Amino acid sequence: METERPSPRYSGIDLWSPAEILDSMIEGQFAAVAAVHAARPALERAALAIEERLRAGGRLVYAGAGTSGRLAVQDGAELMPTFSWPAERLLLLMAGGDDALLRAVEGAEDTADEAAALIY
């Protein structure tokens, strides 16, 4: 599974003016908002399903890789002290394991079998 590849959109970014870089960053934010808006019905269904499972005693699982994984772990870790979320109902998964919290573990996000083993 290929999860990372350079975007041709940003070829030569090192030669762009600050205004061009800022415009591309803003453009990316608008694209992200449009994608979330388009996915709203699916996100609502997911939120309702999550609510049902959590009310029934299910656990909350945060999983990620790279920077997004580190942010997921950071967000999940705040649930216990901030919202008194029970530790036994929280699972934080980082591709590449705990070592990947501090340094890149390239290719870890592409190992589906290892990811599945962490959940069970």
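Annotations
- Screening the stretch 1-119 for helices (runs of 4 or more DSSP H) wholly inside it with 1 or more residues that are exposed (fewer than 10 other Cβ atoms within 10 Å of the Cβ) and in contact (Cβ under 8 Å) with a residue 12 or more places away in the chain returns the ranges 112-119.
- Selection from the stretch 59-109 of residues that are among the polar types (S, T, N, Q) and more than 22 Å from Arg5 (Cα to Cα): Gln74, Thr82, Ser84
The numbers here are math on the coordinates, done by the rules we state, and not lab data. Worth saying up front: this structure is predicted, and the values here are computed from it rather than measured. So basically every Cβ, Gly included, is an ideal-geometry build from the backbone, and we count neighbours across all protein chains shown.
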